[in-house]
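Here's the structure, in structure tokens; my notes come after.
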Amino acid sequence: MNSRRKYIVVLLLVLFVGAFSVPGSDRYLEIAKNIDIFTRVFKEISFNYVDEINVSEFLRAGIRGMLGTLDPYTVFIDEKRQDEIDLLTTGKYGGIGVSIGLRDNKITILEIMDGYSAQKQGINVGDIIYQVGDKVLAPDDYENISSYVKGEPGTFVKLRILRTGVNDTLYFELLREEITIKNITFAAFYPAESNNAYIKLSGFSRSAGDELKKVLIELQREKKIESIVFDLRSNPGGLLDAAVEVSNTFLKKGQLIVSTRGRDSSSLKEYFAVQEPLMPDVPVIVLVNEGSASASEIVAGAIQDHDRGVIVGEKTFGKGLVQTISPLSYNTSLKITTSKYYTPSGRCIQKIDYSSKNKVLAGGLTEKDTIYNTDNKRIVYSAGGIAPDSSVSNAKKVEIVSDLLAKGMFFKFANQYSAKNNSGASKPALPDMNNVYKEFKEFINKSDYRFESDFYKKLGVFIKENEMNQVYSDNVSKMKSIREEIKKSDQSNLDFYTDEIKHELKMELVSRISNTKGRIMESLEKDNQFLSALGLLKNSQAYNKLLNKIN
């Protein structure tokens, strides 16, 4: 206890004295005063509270409380999460090549990467991780599963797997390899017979720019690229430098890509294209949606402001804040919002003002909706994300399909179907979807799945609330009869939406055969935003009109 007390006193003394070692001013005095208050509270509670205090957790709770008054991107990163920072900055880690998630409260393999030990040794999508090393897993272990499976390349990890159709656990001893996260998840001429290059970028780690250049060169060798659909949908962003390199692939040398400004007006930084673009004249369409954020918005904003391409889809997320990672002691760090970013026209597209109704933040983080102009004098707006030049929404999934997805029924069926039909070493061909659909209906009928429409549920709530009300007694009785009819109608939804259900089944089965690439290709067939982009690229007059270009 004495050694712990001595350690805390020394720590607090260092904090307190350090606060006064900076140049004097009212602000520094205010900081020093509040550090003194904070450390005294921490010391008093740590030494005198009725129960023993876990000082590490106690301090972290205080840090979380302080940071919780700011924006959600300013966070403390403890030693357990440092690998997340390493992954973002390097794009590499030691692992077995899988993506893992929770399905039915079980830790499940959701995706397998090509060329790594999990694929080479026969791990399947849908496999449940039962045990890692000597540890039998529970749902609560999901948060730490990454640290169990990842490790130094060249070392081994022992897994016991539960698999549909297999009675006992399966044992695997998998070699950890250096996994390079691919920012580009799919790139090909699509449709296959066309000269349109479709490129799906899912992240912005350090190698994003190099990956983009590489795939463009490879595709150009295959045949001439006449148009590009660059898909940034649901791309949450990443490194600022990576966004600059990706933008440079399309923009002319010397063009401004993005600028950042911090609290101090002298902290302005400008980032320009430093190389000539690979494809200077090829028509480009950038696909975005509300999941496109941060670095994705930097790229979309730069391309839009310089009229280099057309933005198609939905308004982006609106994250116009830049974070800097500051290393702290004991292998911890602080990710802190240090600046806002601005597109070449001068727009800050930050959507949420975290300073409103917040006594901690003195100045706002956003701007009002202000008019700006692109190079071709088109009107664009600040605040609230990047608005597309052509607004197109994808069709909303019908209610029963959304329900089947939410309850994992397509995923479960694909596990069962694959276990029964894909026992060979070679990858199976895609089966006849009419037969698959019949099997899926049988699977649903044997399961405990029951579809209840939103209307059915709401009517049930109304009946329950008014059952004892004499004024509505006759109506309630009629509504009960109507609800029973709705229930019967709900169960016929499987037959009514056959095409939509077949499409989801096909995507799930394709992903088992050719992983992410196959799923993306299948999804594009019914993708309104992508199909709209293709139509626009075929109509040069409409394309140029959107960019305010003279034909």
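For the range 519-539, a residue qualifies if it is assigned to a helix (DSSP H, G or I) and in contact with a helix residue (DSSP H, G or I) (Cβ under 7 Å, 6 or more places away or on another chain), and the qualifying residues are 519, 522, 523, 524, 530, 536, 537.
Please enumerate the residues belonging to the range 198-233 that are among the basic types (Lys, Arg), in contact with a helix residue (DSSP H, G or I) (Cβ under 9 Å, 6 or more places away or on another chain) and in a loop (DSSP other than H, G, I, E, B).
In the first step, residues of the range 198-233 are kept if they are among the basic types (Lys, Arg); the result is 200, 206, 213-214, 221, 223-224, 233.
After this cut, where a residue has to be in contact with a helix residue (DSSP H, G or I) (Cβ under 9 Å, 6 or more places away or on another chain) as well, the list is 200, 206, 213, 233.
Correct list: 206, 233.
Scan the range 120-139 and give yes if some residue there is touching a helix residue (DSSP H, G or I) at 6+ places or on another chain (Cβ under 6 Å), outside the structural domain of residue 517 (by TED's automatic domain parsing), closer than 29 Å to residue 518 by Cβ and surrounded by fewer than 12 Cβ atoms within 10 Å (Cβ to Cβ), otherwise no. Among the residues of the range 120-139, not one is touching a helix residue (DSSP H, G or I) at 6+ places or on another chain (Cβ under 6 Å), outside the structural domain of residue 517 (by TED's automatic domain parsing), closer than 29 Å to residue 518 by Cβ and surrounded by fewer than 12 Cβ atoms within 10 Å (Cβ to Cβ), which makes the answer no. Here 445, 469 are screened, and the one residue that is more than 19 Å from residue 397 (Cβ to Cβ), over 40 Å from the mean Cα position of the chain (by Cα), surrounded by fewer than 14 Cβ atoms within 10 Å (Cβ to Cβ) and without any contact (Cβ under 8 Å) to a residue 60 or more places away in the chain is 469.
Yes or no, residue by residue, for (1) part of a helix (DSSP H, G or I); (2) touching a residue at least 60 places away in the same chain (Cβ under 8 Å); (3) in the same structural domain as residue 509 (by TED's automatic domain parsing); (4) within 34 Å of the chain's Cα centre (by Cα):
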residue	(1), (2), (3), (4)
28	yes, no, no, no
41	yes, no, no, no
57	yes, no, no, yes
61	yes, no, no, yes
66	yes, no, no, yes
84	yes, no, no, yes
87	yes, yes, no, yes
101	no, no, no, yes
115	no, no, no, yes
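Reported count of residues in the range 182-215, each being surrounded by fewer than 19 Cβ atoms within 10 Å (Cβ to Cβ), out of contact with any Asp or Glu (no Cβ under 6 Å at 6 or more places or on another chain) and hydrophobic (A, V, I, L, M, F, W, C), is 4.
Looking across the range 297-335, the residues that are over 18 Å from residue 381 (Cβ atoms), touching a strand residue (DSSP E or B) at 6+ places or on another chain (Cβ under 7 Å) and among the hydroxyl-bearing types (Ser, Thr, Tyr) come down to 324, 326, 332, 333. You will find that of 386, 379, the residue that is in contact with a helix residue (DSSP H, G or I) (Cβ under 6 Å, 6 or more places away or on another chain), of a type in the set (A, V, I, L, M, F, W, C) and at pLDDT 95 or above is 386 and no other. Among the residues of the range 319-336, the ones that are within 24 Å of the chain's Cα centre (by Cα) and either of a type in the set (D, E, K, R) or on the phi > 0 side of the Ramachandran plot (or both) come to 2 in all.
With the structure loaded, tell me whether residue 312 is under 28 Å from residue 85 (Cα atoms), under 20 Å from the mean Cα position of the chain (by Cα) and β-branched (Val, Ile, Thr) or whether it fails that test. So residue 312 does not fit the description; no. Scoring residue 542 on the criteria (1) aliphatic (A, V, I, L, M); (2) farther than 30 Å from residue 375 by Cα; (3) surrounded by fewer than 17 Cβ atoms within 10 Å (Cβ to Cβ) leaves a single failure, condition (2).
Strands (runs of 3 or more DSSP E) fully within the range 264-323 that include at least 1 residues being of a type in the set (Val, Ile, Thr) and in the same structural domain as residue 353 (by TED's automatic domain parsing): 284-288, 310-313.
From the list 260, 169, the lone residue that is farther than 30 Å from residue 536 by Cβ, in contact (Cβ under 8 Å) with a residue 24 or more places away in the chain and not assigned by TED's automatic domain parsing to the domain that holds residue 296 is 169.
Out of all the residues in the range 388-441, which are part of a loop (DSSP other than H, G, I, E, B), under 26 Å from the mean Cα position of the chain (by Cα) and among the basic types (Lys, Arg)? I'd like the intermediate steps shown before the answer.
Taking the range 388-441 and keeping what is part of a loop (DSSP other than H, G, I, E, B), we get 388-389, 392-398, 407-408, 422-432.
Checking which are under 26 Å from the mean Cα position of the chain (by Cα) leaves us with 388-389, 392-398, 407-408.
Hits for the range 388-441 are 396, 397, 407.
Among the residues of the range 345-363, those that are of a type in the set (Val, Ile, Thr) and modelled with pLDDT of 85 or more comprise 349, 352. Checked against (1) under 30 Å from residue 489 (Cβ atoms); (2) surrounded by 15 or more Cβ atoms within 10 Å (Cβ to Cβ); (3) out of contact with any Lys or Arg (no Cβ under 7 Å at 6 or more places or on another chain), residue 460 meets all criteria but (3). Scanning the range 287-309 for residues that are of a type outside the set (Lys, Arg) and over 18 Å from the mean Cα position of the chain (by Cα) yields 301, 302, 303, 304, 305, 306, 307, 309.
Every test in (1) hydrophobic (A, V, I, L, M, F, W, C); (2) under 30 Å from residue 196 (Cβ atoms); (3) free of Cβ contacts under 8 Å to residues at least 12 places away in the same chain; (4) assigned to a helix (DSSP H, G or I) is passed by residue 550 save one, and that test is (4).
Looking only at the range 23-60, residues that are among the aliphatic types (A, V, I, L, M) and surrounded by fewer than 11 Cβ atoms within 10 Å (Cβ to Cβ) come to 2 in all.
Of all residues in the range 86-101, those that are modelled with pLDDT under 90 and surrounded by 16 or more Cβ atoms within 10 Å (Cβ to Cβ) total 5.
For residue 157, are the conditions met, namely being crowded, with 18+ Cβ neighbours inside 10 Å, part of a strand (DSSP E or B), of a type outside the set (Lys, Arg) and touching a helix residue (DSSP H, G or I) at 6+ places or on another chain (Cβ under 7 Å)? Yes, satisfied. If you go through the range 161-178 and keep only what is of a type outside the set (Ser, Thr, Tyr) and either part of a loop (DSSP other than H, G, I, E, B) or closer than 22 Å to residue 414 by Cβ (or both), you end up with 161, 162, 163, 165, 166, 167, 168, 170, 172, 176. Cβ-Cβ distances below 6 Å connect the following pairs, each with a first residue in the range 184-197 that is under 19 Å from residue 214 (Cβ atoms), a second residue that is among the charged types (D, E, K, R) and modelled with pLDDT under 95, and a separation of six or more residues or different chains: 186/517.
The values are calculated or read from the model by the stated rules, or taken from the named source; none is laboratory data. Computed from a predicted model, the values in this text were never measured in an experiment. Neighbour counts are summed over all protein chains in view; Cβ atoms, including those assigned to glycine, are modelled from backbone coordinates with ideal geometry.
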